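Here is the structure we will look at, set down as structure tokens.
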Amino acid sequence: MKPARFDYARPASVSEAVMLLARHGTDAAVLAGGQSLMPMMAMRLATPGLLVDIGRLPDLDRVEPKDDHLVIGALATHAALLASPLVRASAPLLAEALPHVAHPAIRNRGTLGGSLALADPAAELPACMVCLDAEITLVSLRGERVVLAGDFFRGVYGTDREPDELLVSVAVPVAREGWRFSFGEVAHRHGDFALAGLAFGARREGRRIVESRVAYCGIEDAPRRLLATESCLAAGRSFVEAREVARRELEPGSSRDAPAAWRRRLAGALLERAGRTA
Ligand SMILES: Cc1cc2nc3c(=O)[nH]c(=O)nc-3n(C[C@H](O)[C@H](O)[C@H](O)COP(=O)(O)OP(=O)(O)OC[C@H]3O[C@@H](n4cnc5c(N)ncnc54)[C@H](O)[C@@H]3O)c2cc1C
């Protein structure tokens, strides 16, 4: 199928882009890597009247350290992040998760901003950002605002972003000493969206876990930290006990090929697997 007719604009700056978004509201769509938007338009699941192509905006693909954060521009591609020594050193969870995001051709064009703005419940990077308490910066004619990743994702393809806002960057806290992160997922094939994925982090003192982070993708409508499960691990309980807490804490959606009970079992298995490497 072909997309419905649309107009196309290629703004030269962020301010020009947000002016277009303000003028056209919900009739406009931001075009970043196009890896999700173009197929959705071809299937007429999305029919924007105007595409605001931000693909060539300068500086939005930067990855740079700032204070105790790594600031990643919205246009940084999955492939660039995967190849970045800064990401590997400062945000090891992202380095673990990125090989699971789609396939090389899609990673070459797909962007971090696109993945977060799309908010697919099965996508890996939103869960990682929630796990890490990353801060998402949005810009509009009204100015700039920063939203904690945990408050940004609101259900299936739903976010806190207003139609006139452009997601410009994400600030990821630099991994502190003593923390270890891992990402694991179950998918039909490597590179497919996750049937269930777990972004996990833990800090140990000696052998004992004293802090942990647990956020899933592919289980619920939107990623969130599982605070009861995190507390269970920080109280020195075993991963087998934590697995049971996670299974109770989760509220998985149900579909014919992925019933809730099955998703719960996958979630528990992923946590136990994380426990073997944490
Ligand atoms: C076959 C296939 C397999 C895939 N597998 C996976 C996978 O396993 N895991 C995964 O996470 N993803 C997967 N993807 C999606 C891929 O990662 C996309 O690249 C990503 O989700 C969207 O990024 P994009 O830059 O292409 O965004 P686009 O497609 O350009 O845009 C996606 C949405 O975000 C909005 N948007 C984009 N950028 C911004 C911005 N800066 N500010 C505001 N709104 C914005 C757009 O308007 C649109 O609604 C897959 C895609 C395909 C086609």
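All of the numbers you see were taken from the coordinates with simple rules; none came from a lab. A quick note: this is a predicted structure, and the numbers were derived from the prediction, not measured. Methodologically, a virtual Cβ is constructed for each residue, glycine included, from the backbone with ideal geometry; neighbour enumeration extends over all protein chains shown.
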Report task. Run through every distinct alpha carbon pair of the range 1-58 and return the Kirkwood hydrodynamic radius in angstroms, one decimal place. Result -> 11.5
Query raised in the report: Ordered by packing density, taken as the mean number of other Cβ atoms within 10 Å over each peptide's residues, highest first, how do 2-13, 116-127 rank?
Result: 116-127, 2-13
Query - the range 171-278: mean projected area of Cα convex hull, nm² - result: 7.1
Requested in this report: Over all directions, average the projected area of the Cα convex hull of the range 21-99 and note it in nm².
Outcome: 6.8
Query - Cα-based convex hull, the chain, per residue volume (Å³, whole number) - result: 124
**Report entry** Inverse of mean 1/r across different Cα pairs in the range 95-197, Kirkwood, Å
**Finding:** 14.5
Requested in this report: Quick one: give the max-minus-min coordinate of the C-alpha atoms of the range 16-152 along each principal axis, largest first, in Å.
Outcome: 42, 34, 28
Query raised in the report: What residue among Ala89, Ala17, Ala149 has the largest mean-square fluctuation in a Gaussian network model of the chain, using Cα springs under 10 Å?
Result: Ala89
Report task. Tell me, rounded to the nearest percent, the portion of alpha carbon pairs in the range 169-226 spaced more than 15 Å apart. Result -> 59
Query raised in the report: For the chain, modelled as a GNM with alpha-carbon contacts under 10 angstrom, which of Leu266, Leu198, Leu94 fluctuates the most?
Result: Leu266
